[in-house]
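We did not get these values from a lab; they are worked out from the coordinates using the rules stated. Values in this document were obtained by computation on a predicted structure and should not be read as measured data. In this analysis, Cβ positions are derived from the backbone assuming ideal geometry, glycine residues included, and neighbour counts consider all displayed protein chains.
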Amino acid sequence: MEATSGNDEISGELTSVAHAVSLPAESYGNDPDIEMAWAMRAMQHAEVYYKLISSVDPQFLKLTKVDDQIYSEFREDFKKLRIDVLDPEELKSEGAKEKWRPFCLKFDGIVEDFNYGTLLRLNCSQGYTEENTIFAPRIQFFAIEIARNREGYNKAVYTSVQDKEEEKGANSGGDEGANSGGEEEKGANREGEKEKINKGGEKEKDAYKEINKSGEIAM
């Protein structure tokens, strides 16, 4: 009973996200199972991507085999498009759609599932919240996120996460210094800190494993 309740809660959250980003009804034919499948895949993609840019300096990321082509074509067609904080009208208005359509079609057959529904952040310094997320074709996501990575905008996420990790480490070090017990106790504390560091490293490795394991779906 409890497991069913938990699954229902997750399903409700995913359905809310699908509605929040205004997924067109014709995309899933009013079939709740198809809607749920889309929401789950889109959320998985978003979670893995955000973990990726939080763990690795985004400047060095490669999202597809044709990143250079995507970025070159994108900046040729959208030279002045502001990408740190997106204006939804630059993506969703009728005029914008007319401009985006030929760009997207260039990658039909080049990027797998190029027009598949994906979640895109409006403000690149923030996460995937309901207010900060819109629905976009996959190639549009790649174009904007590759540009954000290469032009340094996504580094705000990476830097924020790394600063928090360093702050945690500094606080742990302070606690150890404040403990002025015997040498044996100090040694025990040092071992404890090493264990924390090792666990932190394992956690980072686990993150990479998850990213790699999910990479085929997410990227």
Taking the dipole of region 51-176 about the Cα centre (Lys, Arg +1; Asp, Glu -1; charges at Cβ), the one of 78, 170, 124 that reaches farthest to the positive side is 78
Over all Cα pairs of region 30-164, the Kirkwood radius sets Rh, and Rg/Rh then becomes 0.95
